There are 2 protein chains.
Amino acid sequence: MLKKQKYNVAIAGATGAVGAEFIALLENRRFPVGELKLLASQKSVGKKLTFSGQEVAVCELTADSFKGIDIALFSAGADRSRQFAPCAVKAGAVVIDNSSAFRMDPHVPLVVPEINPDAAYKHEGIIANPNCTTIIMGVVVWPIHQINRVKHIVVSTYQAVSGAGAKALAELNTQQRDLVEGRKPKPQVFKHVIANNIFSHDSKVMDNGYNQEELKMIHETHKIFQDDGITISPTCVRVPIARAHSESIYMELARVVNLNDIHQVLSRATGVKVVDEPDNNLFPMPLDCSGRDAVLVGRIRRDPSVANAVSLFCCGDQLLKGAALNAVQIAELLI
Amino acid sequence: MLKKQKYNVAIAGATGAVGAEFIALLENRRFPVGELKLLASQKSVGKKLTFSGQEVAVCELTADSFKGIDIALFSAGADRSRQFAPCAVKAGAVVIDNSSAFRMDPHVPLVVPEINPDAAYKHEGIIANPNCTTIIMGVVVWPIHQINRVKHIVVSTYQAVSGAGAKALAELNTQQRDLVEGRKPKPQVFKHVIANNIFSHDSKVMDNGYNQEELKMIHETHKIFQDDGITISPTCVRVPIARAHSESIYMELARVVNLNDIHQVLSRATGVKVVDEPDNNLFPMPLDCSGRDAVLVGRIRRDPSVANAVSLFCCGDQLLKGAALNAVQIAELLI
């Protein structure tokens with residue numbers, strides 16, 4: 001992309017949960033925005049959103065939306081990305097796509113700026129943003145992988161409902177009010193009641209027994225790390241909290257674990273904050289990382305019986321580092 | 001113990017969350033109760049609880065409470081067990097203790113009736129009930145261990161607040177009401193806010209970085225299974241739900257996994273119910289097993305890359321199978 005003083009930016013899916021974060025991040029990170037074009041489905045047309053103190057009207061996302069646009073941030077679902085991202089590329093924009101549509105396409109780089117920033121420069125018009133759980137795991141595992149190769153990961157997730165969108169978050173709130181006021185909650189967005197309950201992730205379960213969210217963690221990590229040799233055993237679970245995903249991660253490394261080295265490398269890692277106070281029983285919690293850029297990591301401990309294994313627990317805001325922030329960081333690499 | 005037609009039963013901790021389950025189970029399972037003595041701390045004296053349609057007054061738990069008692073069910077905390085269980089034994093009762101006080105004592109059997117019923121008969125007056133997370137994991141892992149030796153377990157838990165007692169449950173309810181009504185929740189029982197949050201288990205973290213709950217899962221499983229060779233890597237986490245613990249379990253077995261065999265052995269296992277419907281995305285959920293005896297198990301799947309590994313997800317009511325039910329089942333072994 002040509003170096004410019006200002007860049008015209010389009011946001012496809014501007015009225016969604018991630019769209020709102022895109023707008024806030026472009027403003028707060030002082031991204032050099034020229035024109036900002038907010039795009040959504042027809043039913044949102046005319047709605048006005050605020051960017052840098054100015055009202056911007058939402059326009060309909062169509063094939064012709066991208067004339068003059070330099071950077072198009074997409075978070076409108078995989079179907080719309082498949083339909084409209086090629087139009088944006090054709091119009092000359094670079095697309096940074098938050099959906100799963102192009103992530104495993106060999107012509108599309110899958111980028112976490114803390115891990116593989118160089119991949120971003122090899123784009124052919126589209127750069128994919130990884131799945132939220134993959135990003136959160138990746139920024140914590142990658143620094144360790146640099147000093148002691150990660151061979152095997154067992155990960156169980158505790159995923160917030162806003163990862164399933166604004167409607168899912170509204171459903172949690174409604175059901176929690178139902179419980180407090182003595183009504184029986186009825187599931188509508190999710191298949192099962194989420195208030196006072198947990199359930200296996202709501203993505204489709206494939207023939208091998210793994211759901212799509214889990215398979216993303218495996219395949220996307222392989223692509224980002226450029227290392228298909230890491231075996232990954234994920235279990236993805238939805239929990240009744242509003243925001244920020246947590247992950248319990250067990251790792252077997254190539255060599256015996258030196259806990260000091262791991263503490264040190266995580267303390268210095270970009271995008272990571274160590275919160276590890278055993279005496280205070282203070283470790284990463286979703287409430288503490290909601291709205292924060294960094295992925296919090298703690299409970300860093302050597303396995304009691306496996307000399308080359310280490311366990312840890314991390315939390316990240318899946319709407320920020322898990323989605324909008326990562327995409328804006330990719331845009332920052334390009335300018 | 002002599003075979004009798006009726007047994008005099010004492011419940012120490014009758015007014016607690018587990019105490020209430022003891023009373024209900026003795027009635028519902030038609031345990032041949034002669035006299036029922038309900039014991040608690042002085043502040044509950046005079047309170048009346050109902051057993052089989054009759055009111056029973058709560059008496060103070062003292063050293064002299066156990067005259068004529070055949071079976072004493074203890075769930076009043078480890079300190080009271082240490083203080084009063086020996087008095088009960090001296091008075092001629094068999095103590096079934098739900099606390100951690102005697103679990104690792106080599107003179108005290110640690111019993112899960114589905115796993116090691118014979119150990120119960122070797123008691124010297126006290127039989128210990130394992131920790132709830134240990135029992136729930138054990139009843140699911142044991143049947144698999146019988147057909148293909150379990151060598152390594154990585155387990156992450158999703159533990160309900162009622163596992164921390166009735167006050168913790170009340171705190172969750174209060175905080176959820178606070179959120180719904182727009183107030184900021186304040187932690188009192190737990191160190192951290194539990195509504196809309198998750199946190200590392202509230203037990204003390206030891207020098208090796210593992211908390212006491214996690215160490216119980218390791219050491220108690222070794223004792224119950226009589227197999228110190230199983231390496232266990234637990235992560236225990238509290239989630240904002242009222243009742244029933246869930247566990248995400250990854251296991252490496254001695255030989256290559258045959259998924260049909262594992263399904264079959266779990267389908268036939270006592271105390272276990274398989275809930276495993278990938279097409280409906282229906283797997284074990286805490287809401288579905290609250291108030292139920294069986295531990296629910298599902299998401300039974302071969303690891304995609306480790307030929308001898310299998311993963312599964314289970315839920316159990318930690319006040320029933322994880323506590324009161326297991327203890328009453330032990331009592332049933334004795335009569």
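Hey, among B:14, B:24, B:10, which residue is assigned to a helix (DSSP H, G or I) and either within 23 Å of the chain's Cα centre (by Cα) or assigned by TED's automatic domain parsing to the domain that holds residue B:160 (or both)?
B:24
Name the residue, out of B:93, B:120, that is crowded, with 24+ Cβ neighbours inside 10 Å and either at pLDDT 95 or above or among the hydroxyl-bearing types (Ser, Thr, Tyr) (or both).
B:93
Show me the strands (runs of 3 or more DSSP E) found entirely inside segment B:86-185 where at least 1 residues are within 14 Å of chain A (Cβ to nearest Cβ) and basic (Lys, Arg).
Per the criteria, B:150-158.
Go through segment B:205-235 and count every residue that is closer than 17 Å to residue B:112 by Cβ and among the hydroxyl-bearing types (Ser, Thr, Tyr).
1
Consider residue B:68 carefully, then state whether it is touching a strand residue (DSSP E or B) at 6+ places or on another chain (Cβ under 7 Å) and surrounded by fewer than 17 Cβ atoms within 10 Å (Cβ to Cβ).
Yes: the conditions hold for residue B:68.
How many residues are surrounded by fewer than 18 Cβ atoms within 10 Å (Cβ to Cβ), assigned to a loop (DSSP other than H, G, I, E, B) and on the phi < 0 side of the Ramachandran plot when one looks only at segment A:27-55?
Going through segment A:27-55 one residue at a time, the tally reaches 5.
So if I check each of A:85, A:24, which one is aliphatic (A, V, I, L, M) and surrounded by fewer than 20 Cβ atoms within 10 Å (Cβ to Cβ)?
A:24
State which residue is farthest from the other protein chains (Cβ to nearest Cβ) when the search covers only segment A:288-324 and only residues that are in a strand (DSSP E or B) and touching a His at 6+ places or on another chain (Cβ under 8 Å).
By that ranking, first place goes to A:316.
Got at least one residue in segment B:249-260 being within 11 Å of another protein chain (Cβ to nearest Cβ) and among the β-branched types (Val, Ile, Thr)?
yes
Of the residues A:270, A:231, which is at pLDDT 95 or above, on the phi < 0 side of the Ramachandran plot and within 11 Å of chain B (Cβ to nearest Cβ)?
Every option except A:231 fails the conditions.
Find the residue count for segment B:186-200, including only residues that are more than 7 Å from every other protein chain (Cβ to nearest Cβ), surrounded by fewer than 22 Cβ atoms within 10 Å (Cβ to Cβ) and not polar (S, T, N, Q).
Final tally of qualifying residues: 4.
Inspect segment A:311-326 for any residue being closer than 23 Å to residue A:147 by Cα and surrounded by fewer than 24 Cβ atoms within 10 Å (Cβ to Cβ) and give the result as yes or no.
No; the residues of segment A:311-326 include none that is closer than 23 Å to residue A:147 by Cα and surrounded by fewer than 24 Cβ atoms within 10 Å (Cβ to Cβ).
I need every pair where a residue in segment B:230-250 that is over 18 Å from residue B:290 (Cα atoms) has its Cβ under 8 Å from the Cβ of a residue that is acidic (Asp, Glu), sequence separation at least 6 or different chains.
Matching pairs, first to second residue: B:231/A:303; B:233/A:303; B:234/B:213; B:234/B:214; B:235/B:214; B:236/B:213; B:236/B:214; B:250/B:303.
State which residue pairs qualify: first residue of a type in the set (Asp, Glu) and inside segment A:203-216, second residue modelled with pLDDT of 95 or more in any location, beta carbons under 6 Å apart, and separation of 6 or more residues or different chains.
A:213/A:201; A:213/A:203; A:213/A:236; A:214/A:234; A:214/A:236
Return the residues of segment A:56-85 that are within 15 Å of residue A:23 (Cα to Cα), touching a Leu at 6+ places or on another chain (Cβ under 9 Å) and not in a strand (DSSP E or B); say none if nothing qualifies.
Hit for segment A:56-85 is A:76, nothing else.
The values are calculated or read from the model by the stated rules, or taken from the named source; none is laboratory data. Keep in mind the model is a prediction, meaning the values are calculated, not measured. Heads up, the Cβs are rebuilt from the backbone with ideal geometry, glycines too, and the neighbour counts pull from every protein chain shown.
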